[in-house]
Protein chains: 2
Amino acid sequence: MDRTPVWFMRQAGRYLKEYRELRVKYSLLELCRNPELATEVTLQPLRRFDLDAAIIFADILLPLPGIGVDFEFAAGEGPKIHRPLRSPSQIASLAVGEPEDSLRFVLEAIGMVRRELPRQVALIGFAGAPFTLASYMIEGGYSRSFLRTKKMMYLHPNSWRVLMEILVEVTVRYLKAQIAAGAQAVQLFDSWVGALGADDYRQYAMPYSSMIFESLKDQSVPTIHFSTGTAGYLELLKEAGGTVQSVDWRIPIHLAWERVGTDTAIQGNLEPIALMAPPDVLERKVLDILKQVDGRPGHIFNLGHGFLPQTPVESVSAIVECVHEYSHS
Amino acid sequence: MDRTPVWFMRQAGRYLKEYRELRVKYSLLELCRNPELATEVTLQPLRRFDLDAAIIFADILLPLPGIGVDFEFAAGEGPKIHRPLRSPSQIASLAVGEPEDSLRFVLEAIGMVRRELPRQVALIGFAGAPFTLASYMIEGGYSRSFLRTKKMMYLHPNSWRVLMEILVEVTVRYLKAQIAAGAQAVQLFDSWVGALGADDYRQYAMPYSSMIFESLKDQSVPTIHFSTGTAGYLELLKEAGGTVQSVDWRIPIHLAWERVGTDTAIQGNLEPIALMAPPDVLERKVLDILKQVDGRPGHIFNLGHGFLPQTPVESVSAIVECVHEYSHS
């Protein structure tokens, strides 16, 4: 049996000393926008851990300035959109732009990482899904209630559609360019779509995610569909598309797999805070996931969401070893 | 056929002008701690809408000072625990206290409301579930990640158990006292338990919620078990107890009912932000829920979580009328 592949969301990041050292000199956006630095950061976790994939160091919000929406990362507070989209007229002023040009630094970094990576390690590209990107652009940052986003959907459905169609086109072009540059798989992050009920997902988000997966069908790479909090309507996520569904820890992985069907691979689903648990608790949680999967092919071991900055490096090594050992036994 | 009962979480609150007028003069805690004022606030929505239940105006954190944990509501920021529980020694210093005495103002308000309510309107009492209360006490307020709470569970399981057992005893005594004072149903709010995976729920939260429902079995009132974000393991919530399961909008209500079984009544599950939608969108959403329920007895129409302060009063009237009309047709 092949060993279960393992990689982690935010495997390059603040939990690594060598990353924090770079962050003393460069901002997050400076790291993203400099291909040499982005390459270095992407490769950092690969030097420490026996990971089966690298994910290009970037951020889902990078395409926003090209559309006409500027933002920054405020220290310790996450992203801050300078002028959040609060009116139909603001949405009407947006444009698709030229993502292949305005995001060239990501494409260059992909090429550079690809040349440095060992053959057996896959390089994953990614983008934010339309709903999640729209929610940042409308709320202005992270939101608990998504009140403004939902009001835009309900009160201005035409503007919502215009915004989502722009995001679809940008995302398709961006992901195709990433694949052309060397990405061997791409992940679509719909991190906040779990705020929607099933009907709203079907009406306001799913059609646009579907368009993206549909447009990528002629590309010969796997597509990973990431979401959290969607245990109530996983079938719809599967229907929207993706050769792999990435699920969070809020649903047992074997039940998630029953719901999406055995023709779909599944990625997940360790709780990120489990890495702060004592070694025996962490190991039990990793083994529980592997036992639930029960050797079924098509499982990619990962977290249900990204690493927290407080993650101890030893826990990461322990998981990688445990997954590889177990799946070889 | 009897009409579908309808009430709303946070039906007394800031979306009502008459409530905001009182809040100019009194803080939230002053309103809660004065039985006459709490009675007035509890009755306010009943004067406007043809609701089938009143819920006593109170807050799930009110029992905390009696246990040894002080807090306040910082303006616009939600609850702020003065000295969050960050160490086992802090937990060791807590005590059950005398909830029947320290929360006498709630019990008095229940008696007063009961005397004023028409016979056909039920009065609902409530308390926070142990996991949700513990998370506030440990995090110090609302949390996105529940990092400190989960670390306490994983790293100090004995202290966690001590804390949860104190909360069980306080909650059982508090809810029994509410029932003795005139509450005709009680709701246990496990608002944040959806942050846990199924295994963690089973190990760290469910046993304590179960103890509470078990202890209330000899009381002759319905018990409502409220949670959000638990679509991945609703069966466990049902197993923990409650004659009614209250589910949020992240799972279609007919699928939720299949999962918890037809021997359990179900409450829910309109998206609170739907009340900000245009009348036709709101009506469609209300009718969708009623159609999914399909006349099955044991449905209580409610939201999936509480009203937001921005809720328009006209939307509330529209829902109440729509539910009563539909279920009479």
| said: Let me confirm something: among A:A109, A:A180, which residue is surrounded by 16 or more Cβ atoms within 10 Å (Cβ to Cβ) and at pLDDT 95 or above? | reply: A:A109
| query | Out of all the residues in region A:128-166, which are surrounded by fewer than 16 Cβ atoms within 10 Å (Cβ to Cβ) and either away from chain B (no Cβ under 14 Å) or in a helix (DSSP H, G or I) (or both)? | reply | A:L155, A:P157, A:N158, A:R161, A:V162, A:E165
| Just wondering, is there one or more residues in region B:180-200 that are in contact with a Pro (Cβ under 6 Å, 6 or more places away or on another chain) and among the aromatic types (F, W, Y)? | no
| request: Could you check A:L188 against (1) more than 8 Å from every other protein chain (Cβ to nearest Cβ); (2) in a helix (DSSP H, G or I); (3) surrounded by 22 or more Cβ atoms within 10 Å (Cβ to Cβ) and say which number it fails? | output: (2)
| field | Test result for B:T230, closer than 29 Å to A:V247 by Cα and either of a type in the set (S, T, Y) or touching a Lys or Arg at 6+ places or on another chain (Cβ under 9 Å) (or both) | value | yes
| query | Within the bounds of region B:317-329, is there any residue that is at pLDDT 95 or above, in contact with a Cys (Cβ under 7 Å, 6 or more places away or on another chain) and surrounded by fewer than 22 Cβ atoms within 10 Å (Cβ to Cβ)? | reply | no
| request: Have a look at A:R10, A:R33, A:R47 and point out the one that is surrounded by fewer than 20 Cβ atoms within 10 Å (Cβ to Cβ), free of Cβ contacts under 8 Å to residues at least 24 places away in the same chain, out of contact with any Pro (no Cβ under 6 Å at 6 or more places or on another chain) and of a type in the set (K, R). | output: A:R47
| Quick one: how many residues across region A:88-136 are under 30 Å from A:M153 (Cα atoms) and either in contact (Cβ under 8 Å) with a residue 60 or more places away in the chain or among the aromatic types (F, W, Y) (or both)? | 21
| Taking region A:74-95 as the search range and keeping residues that are hydrophobic (A, V, I, L, M, F, W, C) and surrounded by fewer than 17 Cβ atoms within 10 Å (Cβ to Cβ), which one is modelled with the lowest pLDDT? | A:A75
| note | Apart from one, (1) touching a residue at least 40 places away in the same chain (Cβ under 8 Å); (2) part of a loop (DSSP other than H, G, I, E, B); (3) not β-branched (V, I, T) all hold for B:G76; the odd one out is (1)
| Which of (1) touching a strand residue (DSSP E or B) at 6+ places or on another chain (Cβ under 9 Å); (2) more than 30 Å from A:E77 (Cβ to Cβ); (3) not in a helix (DSSP H, G or I) does A:P118 not meet, given it meets every other one? | (1)
| query | From the list A:L22, A:L62, which residue is modelled with pLDDT of 95 or more and over 30 Å from A:N158 (Cα atoms)? | reply | A:L22
| task | May I ask you to list the residues in region B:209-240 that are among the small types (G, A, S), more than 19 Å from B:E271 (Cα to Cα) and out of contact with any Asp or Glu (no Cβ under 7 Å at 6 or more places or on another chain)? | result | B:S210, B:S215, B:S220, B:A240
| Within region A:132-143, is there a residue that is among the hydrophobic types (A, V, I, L, M, F, W, C) and within 29 Å of A:L51 (Cβ to Cβ)? | yes
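The values are calculated or read from the model by the stated rules, or taken from the named source; none is laboratory data. All values reported here derive from a predicted model rather than from experimental measurement. Here Cβ is always computed from backbone atoms with ideal geometry, including for glycine, and neighbour counts include all displayed protein chains.
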